[in-house]
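Trainee: After the structure tokens below, expect a handful of questions from me.
The values are calculated or read from the model by the stated rules, or taken from the named source; none is laboratory data. In this text the structure is predicted, and so the values were computed from the model without any measurement. Neighbour counts run over all protein chains shown; Cβ positions are idealised from the backbone, glycine included. These accessible areas exclude ligands, DNA and RNA; they are computed on the full protein's heavy atoms, side chains included. Shrake-Rupley method; radii C 1.70, N 1.55, O 1.52, S 1.80 Å.
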Amino acid sequence: MTSKREPIHGQWSGRLAFILAATGSAVGLGNIWKFPYITGENGGGAFVLVYLACIAIIGIPIMMAEVMLGRRGRRSPINTMRFLLVEEQASPHWQWLGWTGVIAGFLILSYYSVIAGWALAYVFRTGSGMLTGLTADGVQSIFDDLVGDPERLLAWHTLFMIMTMTVVARGVRSGLEQAVRFMMPTLFALLLLLVGYAWNSGYFEQGMNFMFHTDFSKISTNGVLTAMGHAFFTLSLGMGAIMVYGSYLPDRVSIAKVSIVVALMDTLVALLAGMAIFPIVFANGLEPGSGPGLIFQTLPIAFGHMPYGALFGMLFFLLLVFAAWTSSISLIEPAVAWLVENHGMTRVFAAMLAGSVTWLLGLLTVFSFNNWSEVKLLSAIPVFRDSTIFDLLDYLTANIMLPLGGLLVAVFAARTMSRESSVEELNMGDRFFYPLWRFLTRYITPVAVVIVFLHATGILIVFLRAIGIL
Ligand code: TRP
């Protein structure tokens with residue numbers, strides 16, 4: 001058995017702190033901004049079902065695997081993989097897994113921060129009463145004004161990056177942990193308030209029907225990939241964020257329990273967001289498939305018509321900013337931890353460096369919504385015909401890099417790593433749950449990811465036709 005490595009960046013104070021931090025990472029724009037709009041774009045019920053299935057059979061086992069690898073390695077994902085591959089006598093190529101994670105983190109944060117900037121802008125727009133009593137058209141034109149102006153987007157993006165780097169610079173205990181402790185419950189309460197409003201809109205049933213009535217003819221092959229990619233995205237899997245948080249997890253905490261709690265909370269928040277948004281969409285004759293602006297074009301209508309709406313609206317967008325904030329720090333933490341470990345930088349300097357790189361990359365997204373909205377780099381490929389640079393970044397990271405990263409984590413944790421190591425680290429007895437985890441990660445997860453990839457590229461269909469099944 002290996003001797004235990006000590007964490008060098010500090011540790012969570014206990015199980016609750018990890019749950020809060022990991023939930024803080026998982027719950028973010030993915031739940032409240034992205035989940036509703038991609039559900040809308042992909043036709044509703046069938047998409048939601050595929051997404052839920054992916055959370056259960058792919059997401060939870062991979063989350064456990066990531067936390068486990070992180071806690072065993074006790075370093076940034078790059079160095080964790082280096083340690084573990086030596087210990088498990090695996091190929092040195094496994095260290096690439098840490099690297100691609102760091103790159104994915106930069107790419108995701110670059111656009112994540114721009115969208116979080118929209119939420120920041122909306123704190124002031126709702127709070128000032130600018131959106132009070134407007135019609136759907138009025139709300140729409142305020143949104144168009146914002147995203148059409150690159151200077152404003154840049155200013156908000158810059159502010160959000162500064163906020164992110166400030167917390168990251170302060171380190172695990174004082175920075176990350178404090179940031180998540182007080183805002184999760186409030187966010188929850190406000191979402192419930194919005195669901196209450198939607199309930200009374202007269203269109204609740206229609207909204208629920210859209211989300212939960214499963215009609216598989218409405219989901220495309222690419223929609224299935226998007227649903228799976230989103231399961232990774234929303235649980236923060238496939239790039240090392242959960243791995244690095246796992247590396248700060250105290251030894252005796254049960255990895256299975258904390259992973260399940262985090263996944264459940266994350267899913268609940270996404271479903272509540274959908275239940276709040278779709279009734280409002282239908283009540284106002286809006287289009288569920290209208291894209292990334294969806295929540296910014298719907299929720300202000302609700303706030304604009306409820307008593308104390310300006311106050312609640314401001315509070316809601318403030319909490320959305322906080323939710324995004326606790327996620328963004330986890331996107332950059334693997335890179336910062338590595339810079340500190342390998343280059344002897346202070347956390348402050350490492351955070352500034354990583355933040356500057358991300359900020360620069362963010363310009364691609366800033367311009368995707370205005371000056372470069374007609375730049376369609378891959379228009380020759382049918383699925384990407386209308387994709388802006390932002391769309392491509394999102395597709396590359398969420399639909400390709402994260403599932404691929406998650407697949408490799410599963411393979412390493414359940415195949416390359418010895419059974420003794422994972423039994424010891426997961427520590428959940430030898431009876432039922434460990435074999436279940438091992439079976440899922442060895443067989444189900446990798447096969448499911450590969451099938452979805454083959455499905456999305458059309459190879460699966462060609463193959464099934466060739467062997468006469470279709
Ligand atoms: N899960 C977050 C959200 O839903 C985003 C996020 C944070 C993330 N860290 C991540 C996504 C790591 C992928 C990988 O908003």
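Trainee: Out of Ala121, Ala104, report the one residue that is within 16 Å of the ligand (Cβ to nearest atom) and open to solvent by less than 20 Å² (accessible area, probe 1.4 Å).
Mentor: Result: Ala104 is the single residue among Ala121, Ala104 that is within 16 Å of the ligand (Cβ to nearest atom) and open to solvent by less than 20 Å² (accessible area, probe 1.4 Å).
Here is a yes/no grid of residues against (1) open to solvent by 10 Å² or more (accessible area, probe 1.4 Å); (2) at pLDDT below 95; (3) within 21 Å of Ile38 (Cβ to Cβ); (4) away from the ligand (no atom under 16 Å from the Cβ):
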site: Gly313; (1), (2), (3), (4): no, yes, no, yes
site: Leu320; (1), (2), (3), (4): no, yes, yes, no
site: Pro334; (1), (2), (3), (4): no, yes, no, no
site: Gly355; (1), (2), (3), (4): no, no, no, no
site: Trp372; (1), (2), (3), (4): yes, no, no, yes
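Trainee: Give the residues of the range 335-372 that are farther than 26 Å from Ala155 by Cβ and without any contact (Cβ under 8 Å) to a residue 60 or more places away in the chain, sorted by residue number.
Mentor: Scanning the range 335-372 gives Leu339, His343, Gly344, Met345, Thr346.
Trainee: Out of Arg415, Arg442, which single residue is at pLDDT 95 or above and open to solvent by 70 Å² or more (accessible area, probe 1.4 Å)?
Mentor: Of Arg415, Arg442, the one residue that is at pLDDT 95 or above and open to solvent by 70 Å² or more (accessible area, probe 1.4 Å) is Arg415.
Trainee: Output the residue which, of all residues in the range 261-274 that are surrounded by fewer than 21 Cβ atoms within 10 Å (Cβ to Cβ) and touching a helix residue (DSSP H, G or I) at 6+ places or on another chain (Cβ under 6 Å), is farthest from Gly73 (Cα to Cα).
Mentor: Leu272
For every residue, the table says whether it meets (1) part of a helix (DSSP H, G or I); (2) away from the ligand (no atom under 16 Å from the Cβ); (3) on the phi > 0 side of the Ramachandran plot.
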| site | (1), (2), (3) |
| --- | --- |
| Ala231 | yes, no, no |
| Tyr245 | yes, no, no |
| Leu249 | no, yes, no |
| Phe278 | yes, yes, no |
| Leu286 | no, yes, no |
| Gly291 | no, yes, yes |
| Thr298 | yes, yes, no |
| Pro307 | no, yes, no |
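Trainee: Residue by residue through the range 420-434, note down the ones that are part of a helix (DSSP H, G or I), out of contact with any Phe, Trp or Tyr (no Cβ under 7 Å at 6 or more places or on another chain) and surrounded by 12 or more Cβ atoms within 10 Å (Cβ to Cβ).
Mentor: Within the range 420-434, Ser421, Ser422, Glu424, Glu425, Phe433, Tyr434 qualify.
Trainee: Something else: Among the numbered conditions (1) out of contact with any Lys or Arg (no Cβ under 6 Å at 6 or more places or on another chain); (2) open to solvent by 10 Å² or more (accessible area, probe 1.4 Å), tell me where Gln95 comes up short.
Mentor: Unmet condition: (1).
Trainee: Got a sec? Which of Trp325, Trp359 is modelled with pLDDT of 95 or more, open to solvent by 10 Å² or more (accessible area, probe 1.4 Å) and part of a helix (DSSP H, G or I)?
Mentor: Step by step, each of Trp325, Trp359 is checked, and only Trp359 is modelled with pLDDT of 95 or more, open to solvent by 10 Å² or more (accessible area, probe 1.4 Å) and part of a helix (DSSP H, G or I).
Trainee: Let me ask something additional. Of all residues in the range 124-167, count the ones that are touching a helix residue (DSSP H, G or I) at 6+ places or on another chain (Cβ under 6 Å), in a loop (DSSP other than H, G, I, E, B) and surrounded by fewer than 20 Cβ atoms within 10 Å (Cβ to Cβ).
Mentor: The qualifying residues number 4.
Trainee: To continue, here is another question. Just the residues that are part of a helix (DSSP H, G or I) and surrounded by fewer than 24 Cβ atoms within 10 Å (Cβ to Cβ), please, taken from the range 41-54.
Mentor: The answer is Glu41, Gly45, Ala46, Val48, Leu49, Val50, Leu52, Ala53.
Trainee: I need every pair where a residue in the range 197-224 that is touching a residue at least 12 places away in the same chain (Cβ under 8 Å) has its Cβ under 6 Å from the Cβ of a residue that is in a loop (DSSP other than H, G, I, E, B) and aromatic (Phe, Trp, Tyr), sequence separation at least 6 or different chains.
Mentor: none
Trainee: Related question: Regarding the range 9-31, can at least one residue be identified that is free of Cβ contacts under 8 Å to residues at least 12 places away in the same chain, open to solvent by 30 Å² or more (accessible area, probe 1.4 Å) and assigned to a helix (DSSP H, G or I)?
Mentor: Yes, there is a match, as at least one residue in the range 9-31 is free of Cβ contacts under 8 Å to residues at least 12 places away in the same chain, open to solvent by 30 Å² or more (accessible area, probe 1.4 Å) and assigned to a helix (DSSP H, G or I).
Here is a yes/no grid of residues against (1) open to solvent by less than 60 Å² (accessible area, probe 1.4 Å); (2) outside any helix (DSSP H, G or I); (3) modelled with pLDDT of 95 or more:
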position: Ser174; (1), (2), (3): yes, no, no
position: Ala179; (1), (2), (3): yes, no, no
position: Pro185; (1), (2), (3): no, no, no
position: Phe188; (1), (2), (3): no, no, no
position: Gly202; (1), (2), (3): no, yes, no
position: Gly207; (1), (2), (3): yes, no, yes
position: Phe210; (1), (2), (3): yes, no, yes
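Trainee: Has the range 257-275 got any residue that is over 21 Å from the mean Cα position of the chain (by Cα) and at pLDDT 90 or above?
Mentor: no
Trainee: Shifting gears a bit: If you take the residues in the range 212-229 that are over 17 Å from the mean Cα position of the chain (by Cα) and either outside any helix (DSSP H, G or I) or of a type in the set (Ser, Thr, Tyr) (or both), which one is farthest from the ligand (Cβ to nearest atom)?
Mentor: Checking each candidate, the answer is Ser217.
Trainee: Can you pull out the residues in the range 445-470 that are of a type in the set (S, T, N, Q) and open to solvent by 80 Å² or more (accessible area, probe 1.4 Å)?
Mentor: Thr457
Trainee: Tell me which residues, restricted to the range 16-62, are within 14 Å of the ligand (Cβ to nearest atom) and small (Gly, Ala, Ser).
Mentor: Within the range 16-62, Ala21, Ala22, Gly24, Ser25, Ala26, Gly28, Gly30, Gly59 meet the criteria.
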